[in-house]
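Chemist: First the structure, then my questions, so here it is.
The values are calculated or read from the model by the stated rules, or taken from the named source; none is laboratory data. Keep in mind the model is a prediction, meaning the values are calculated, not measured. When we count neighbours, we look across all protein chains shown, and the Cβ atoms used for this are built from the backbone with ideal geometry, even at glycine.
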Amino acid sequence: MSGNSSTDAFVAFEHVQKSYDGVQLVVKDLNLAVPRGEFLTMLGPSGSGKTTCLMMLAGFETATHGEIKLDGKPINNIPPHKRGIGMVFQNYALFPHMTIAENLSFPLEVRKIGKSEREEKVKRALDMVQMGDFGNRRPAQLSGGQQQRVALARALVFEPELVLMDEPLGALDKQLREHMQFEITNLAHELGITTVYVTHDQTEALTMSDRIAVFDDGRIQQLATPDKLYEQPENSFVAQFIGENNTFEGTVKEISNGQAIVELDDGEVIDCTPVNVSKPGERTLISIRPERVEIDKSRLKEGVHTLKAEVLEFIYMGDIFRTRLRVAGQDDFIIKTRNAPDQVRLKPGQQIEIGWLPEDCRALDA
Amino acid sequence: MMADTHFDENGLVLAADGTPLKQSLARALRAQKIRALLLIAPLLLFVTISFVLPIGEMLMRSVQNTAGTEYIPDLMPNVVEEIQDWEPASGEMPAEPVYRALAQDLATAFENRNHTQLGRRFNYESAGMSSIFRKSGRRVSNWDIETDGPFREKFLDIDDDWGNIEYWATIKANSGYYTTSYFLAAFDAQRTSEGIQMKDPDQRIYSKLMVRTLWLSFLITFCTFALGYPVAWLLADLPAKSANMLLILVLLPFWTSLLVRTSAWKILLQQQGVINDFWIALGFTERMSLINNQLGVVIAMTHILLPFMILPLYSVMKTIPPSYLRAAKSLGATNTVAFMRVYFPQTTPGIGAGSLLVFILAVGYFITPELVGGADGTFISNRIYYQFSSSGNWGLAAALGTVMLVVVLLLYYIYDKLVGVDNVKLG
């Protein structure tokens, strides 16, 4: 499941475990390699171990077992202030008793950089986040978005090669958040720095990242690029955590040529791609994305199985239509159709037939 | 939109019924204001009766020239009138009319049984005057003012001190309704025939006590800070469950009587006490004097006032997220630098609040210095208490209290200029 081999990785977790109480492991045998310049997101529900991993990397928590390497060197015993890692905190952690310029100057002062060079670097960093005019203000005088930019500038002003971000956009409103997502990724790629980003917001993870590590129960469930993660989830947790998802339970009837035929619990039969199943008779969870369900029979392949469905509810959402159906005895089956001129608008009570490409329907662990 | 707004001829906005909007608003708010006033009325009344009036009364007493409950000019109207013509600087005794006036006034005072109070009042200014008033009262009451003159010789017969020019100068100096002599005494000064002068250095007790009170209070404040800061930090840093447990330990002294705590220190610190016994057991031969001196006061009061330092510090530290220290470290600061430059400056409102609280409480402390202060560890408040209860010199006690009040207000003002009272946070 780990990506590149850890030898040429910039950041590497090798068999890392973490326990706070000596009873439970919050991080279980974590292996992760992040190449230089990558924007990697740790995504997962709260309590999944993602923030703990970030804190271990920053040096605020020590690994109970295993090794964390930065640029090939183990850093387990290096205190946080010697790691040279930039960090953006959830509440920004801008020092309230210092001005913006003093906040940015702080990491340079503790590195004993001369005054003129310091001023120049502070100015450049503030300009980089379009906050050049705010040097003399105090953090409390800035809006959330402005504070966010300053926090970013402060984490970058001493030119670290690695920047960690712990849910930095959580406190912003939706529009600003989307704007900042764009700015942060642009800046990170422009400067060529390696970024490890922690969030529980899957949309944020999908839009920003080069790769995403989905955490649950102290393990990485899947490490992949956003499109692979969304389209080819490797297990039922990832499928259900990322994006909207229709599920059925069923039993595998046969597997051949990379395709499986599954009998749903109410007796209907469907085609799908086997992911975590290998032989007939196994229980499986079927996952299909709402936008990959086809209601126009003519666009399906010859001979594939279809299911009968009854329209329960039609919701007009502007860019898309969201329709709730009763399928195979379940009445929470959702389909999404694009609002195109020739798109049919289903009416409640209507009886239709639905189907899908076998590649889009995945048979996962039950 | 503008069509809905009406204006009068001066351009002021009118309400829908034509009255000016401001007037209309005031009427609407009046009921609310009255309700709010009624809610605070009981407390306001209580504070006025129990705090504002007594303090005003005390401030007045420090300048009122009274003996018992009556003003000196009302008790000695004739003397006060006649003595205006006499000049102490002349070096001569007052003339016969003054003695005649004294005979009149003393006779009335004896009838009303307040001639001894008069004597005591003048005795505050010049020691010895109490006895001549007491002695003279009964004898003067038997004289006939019309026929028994001249009175100068008769007074000198009773006591030679009736010819003492200093005594007469005292009477003349304190013949008004109001007097500055209590305040002079509070500053260790006195009025002599050569004007206002400081007392002899070995008699200057109040300035010495004032300096001692301020210095020991400062020392106690510093000790509570030095001991309390780490505790408050630990409290703020611990998980809620253990922090609550520790907080109860901090608060425990609050639930114990002040007297019990002070007595406990007596037992611990005395010559034959627990600490000294332990000290001897360690092999030292000389016992330490830990109590009935300034050291004892500092130890006991630091302990008693510690919660007042810890609680404001704790409540301020509680609001500082741990991420600030983490951020400082991630930016390259060592633990020491992160603490000094990021954490400590953010706790100054708590330090200010705690110090102000402890200092003001310490300056006015009474019981502990009384019990463990011995001779050189008493505070100004102990002297004030003495003047009130034993010596009965309420005027001087009031003047000392007023000086104390002004000094504390002055320190508060300086503190405001230096730190800013807005920066004080009690929670």
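Chemist: Could you please find all residues in segment A:149-173 being away from chain B (no Cβ under 14 Å) and either among the aromatic types (Phe, Trp, Tyr) or crowded, with 18+ Cβ neighbours inside 10 Å (or both)?
Modeler: Within segment A:149-173, A:Arg149, A:Leu169, A:Leu172 qualify.
Chemist: Scanning for something in a loop (DSSP other than H, G, I, E, B) and either modelled with pLDDT under 90 or closer than 23 Å to A:Gly250 by Cβ (or both), does segment A:324-332 turn up at least one residue?
Modeler: The answer is yes; a qualifying residue exists.
Chemist: Select from segment A:110-149 the residues that are of a type in the set (A, V, I, L, M, F, W, C) and not in a loop (DSSP other than H, G, I, E, B) and write down the one among them that is nearest to A:Gln90 (Cα to Cα).
Modeler: A:Ala140
Condition check ((1) buried (at least 18 other Cβ atoms within 10 Å of the Cβ); (2) closer than 19 Å to B:Arg341 by Cβ) across all residues:
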position	(1), (2)
A:Gly44	yes, no
A:Gly47	no, no
A:Lys50	yes, no
A:His65	no, no
A:Pro107	yes, yes
A:Ile113	no, yes
A:Glu117	no, no
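Chemist: What strands (runs of 3 or more DSSP E) completely inside segment A:1-109 contain at least 2 residues that are of a type in the set (Gly, Ala, Ser) and under 26 Å from the mean Cα position of the chain (by Cα)?
Modeler: Values: elements: A:11-19, A:25-34, A:39-43, A:65-70, A:86-88.
Ranges flagged: A:11-19.
Chemist: Please find, within segment A:1-18, the residue that is modelled with the lowest pLDDT out of those that are of a type in the set (Ser, Thr, Tyr) and buried (at least 16 other Cβ atoms within 10 Å of the Cβ).
Modeler: A:Ser2
Chemist: Any idea which of B:Ala353, B:Ala362, B:Ala338 is assigned by TED's automatic domain parsing to the domain that holds B:Phe222 and without any contact (Cβ under 8 Å) to a residue 60 or more places away in the chain?
Modeler: When all the criteria are applied, what remains is B:Ala338.
Chemist: Kindly list the number of the only condition in (1) within 30 Å of the chain's Cα centre (by Cα); (2) away from chain A (no Cβ under 14 Å); (3) surrounded by fewer than 21 Cβ atoms within 10 Å (Cβ to Cβ) that fails for B:Thr348.
Modeler: Every condition holds for B:Thr348 apart from (2).
Chemist: Oh, and also: Can you tell me which residue is surrounded by the fewest Cβ atoms within 10 Å (Cβ to Cβ) among those in segment B:320-332 that are within 23 Å of B:Met309 (Cβ to Cβ) and facing chain A (nearest Cβ under 7 Å)? Walk me through how you get there before you give the answer.
Modeler: Within segment B:320-332, the subset within 23 Å of B:Met309 (Cβ to Cβ) is B:320-322, B:324-325.
Now drop any that are not facing chain A (nearest Cβ under 7 Å), which leaves B:321, B:324.
Numbers: B:Pro321: 13, B:Tyr324: 20.
Once the filter is applied, the top-ranked residue is B:Pro321.
Chemist: Assuming B:Ala264 fulfils every condition listed in (1) in a helix (DSSP H, G or I); (2) in contact (Cβ under 8 Å) with a residue 12 or more places away in the chain apart from one, which condition is it?
Modeler: (2)
Chemist: Just wondering, is there one or more residues in segment B:310-319 that are free of Cβ contacts under 8 Å to residues at least 60 places away in the same chain, within 14 Å of another protein chain (Cβ to nearest Cβ) and within 30 Å of A:Glu159 (Cβ to Cβ)? Let's see the steps before the verdict.
Modeler: Let us first name the residues in segment B:310-319 that are free of Cβ contacts under 8 Å to residues at least 60 places away in the same chain, namely B:319.
Next cut, within 14 Å of another protein chain (Cβ to nearest Cβ) only: B:319.
Right, trim to within 30 Å of A:Glu159 (Cβ to Cβ) and you get none.
No - not one qualifying residue is present in segment B:310-319.
Chemist: For segment A:183-190, indicate whether the set of residues that are crowded, with 22+ Cβ neighbours inside 10 Å and either of a type in the set (A, V, I, L, M) or within 14 Å of chain B (Cβ to nearest Cβ) (or both) is non-empty. Give the derivation first.
Modeler: First pass over segment A:183-190, keeping only residues crowded, with 22+ Cβ neighbours inside 10 Å: A:184, A:188.
Still in the list and also either of a type in the set (A, V, I, L, M) or within 14 Å of chain B (Cβ to nearest Cβ) (or both): A:184, A:188.
Checked against the condition, which is being crowded, with 22+ Cβ neighbours inside 10 Å and either of a type in the set (A, V, I, L, M) or within 14 Å of chain B (Cβ to nearest Cβ) (or both), segment A:183-190 yields at least one hit.
Chemist: Only one of B:Leu219, B:Leu227, B:Leu247 is touching a residue at least 24 places away in the same chain (Cβ under 8 Å), under 24 Å from the mean Cα position of the chain (by Cα) and surrounded by 13 or more Cβ atoms within 10 Å (Cβ to Cβ). Can you tell me which?
Modeler: B:Leu219
Chemist: While we're here: Which of the residues that make up segment B:265-279 are hydrophobic (A, V, I, L, M, F, W, C) and surrounded by 14 or more Cβ atoms within 10 Å (Cβ to Cβ)?
Modeler: Correct list: B:Trp265, B:Leu268, B:Leu269, B:Ile275, B:Trp279.
Chemist: More than 9 Å from chain B (Cβ to nearest Cβ), touching a residue at least 60 places away in the same chain (Cβ under 8 Å) and among the aliphatic types (A, V, I, L, M): which single residue out of A:Met87, A:Met42 fits that description? Can you show your working first?
Modeler: Working: A:Met87 fails: more than 9 Å from chain B (Cβ to nearest Cβ).
Answer to the check: A:Met42.
Chemist: Here is a list of conditions, (1) more than 24 Å from B:Thr180 (Cα to Cα); (2) of a type in the set (Gly, Ala, Ser); (3) within 33 Å of the chain's Cα centre (by Cα), and B:Ser136 meets all of them except one; can you say which number that is?
Modeler: Failing condition for B:Ser136: (3).
Chemist: Among the candidates B:Thr69, B:Thr19, B:Thr48, which residue alone is among the hydroxyl-bearing types (Ser, Thr, Tyr) and either closer than 30 Å to B:Ala101 by Cα or in the same structural domain as B:Arg113 (by TED's automatic domain parsing) (or both)?
Modeler: B:Thr69
Chemist: Something else: Scan segment A:309-328 and give yes if some residue there is of a type in the set (Asp, Glu), out of contact with any helix residue (DSSP H, G or I) (no Cβ under 9 Å at 6 or more places or on another chain) and touching a residue at least 40 places away in the same chain (Cβ under 8 Å), otherwise no.
Modeler: yes
Chemist: While we're on this one: For segment B:16-65, name all the residues that are at pLDDT 90 or above and in contact with a Phe, Trp or Tyr (Cβ under 9 Å, 6 or more places away or on another chain).
Modeler: Matches in segment B:16-65: B:Arg61, B:Ser62, B:Val63, B:Gln64, B:Asn65.
Chemist: Working only within segment B:188-208, note down all residues that are polar (S, T, N, Q) and assigned to a helix (DSSP H, G or I). Before the answer, list the steps.
Modeler: Keep residues of segment B:188-208 that are polar (S, T, N, Q), which gives B:190, B:192-193, B:197, B:203, B:207.
Within segment B:188-208, B:Gln203, B:Ser207 meet the criteria.
Chemist: Search segment A:104-121 for residues that are facing chain B (nearest Cβ under 9 Å) and free of Cβ contacts under 8 Å to residues at least 40 places away in the same chain and pair each with any residue that is of a type outside the set (Phe, Trp, Tyr) and part of a helix (DSSP H, G or I) when their beta-carbon atoms are under 8 Å apart and the residues are at least 6 apart or on different chains.
Modeler: A:Glu109/A:Arg118; A:Val110/A:His81; A:Val110/B:Val337
Chemist: In the set B:Leu405, B:Leu400, B:Leu396, which member is surrounded by fewer than 17 Cβ atoms within 10 Å (Cβ to Cβ), under 15 Å from the mean Cα position of the chain (by Cα), assigned to a helix (DSSP H, G or I) and hydrophobic (A, V, I, L, M, F, W, C)?
Modeler: B:Leu405
Chemist: When both residues are 6+ apart or on different chains and their Cβ atoms are under 7 Å apart, which pairs have a first residue that lies in segment A:55-68 and is more than 14 Å from chain B (Cβ to nearest Cβ), and a second that is assigned to a loop (DSSP other than H, G, I, E, B) and surrounded by 19 or more Cβ atoms within 10 Å (Cβ to Cβ)?
Modeler: The qualifying pairs are A:Ile68/A:Ile75.
Here is a yes/no grid of residues against (1) in contact with a Cys (Cβ under 9 Å, 6 or more places away or on another chain); (2) at positive phi; (3) surrounded by fewer than 13 Cβ atoms within 10 Å (Cβ to Cβ):
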{"residue": "A:Thr323", "(1), (2), (3)": "no, no, no"}
{"residue": "A:Asp342", "(1), (2), (3)": "no, no, yes"}
{"residue": "A:Pro348", "(1), (2), (3)": "no, no, yes"}
{"residue": "A:Pro358", "(1), (2), (3)": "yes, no, no"}
{"residue": "A:Asp365", "(1), (2), (3)": "no, no, no"}
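Chemist: Here's a follow-up. Go through segment B:333-343 and count every residue that is surrounded by fewer than 22 Cβ atoms within 10 Å (Cβ to Cβ), within 10 Å of another protein chain (Cβ to nearest Cβ) and part of a helix (DSSP H, G or I).
Modeler: Qualifying residue count, segment B:333-343: 4.
Chemist: Quick one: A:Tyr92 ticks every box in (1) more than 14 Å from chain B (Cβ to nearest Cβ); (2) within 30 Å of A:Leu229 (Cα to Cα); (3) surrounded by 14 or more Cβ atoms within 10 Å (Cβ to Cβ) bar one, so which box is it?
Modeler: Failing condition for A:Tyr92: (1).
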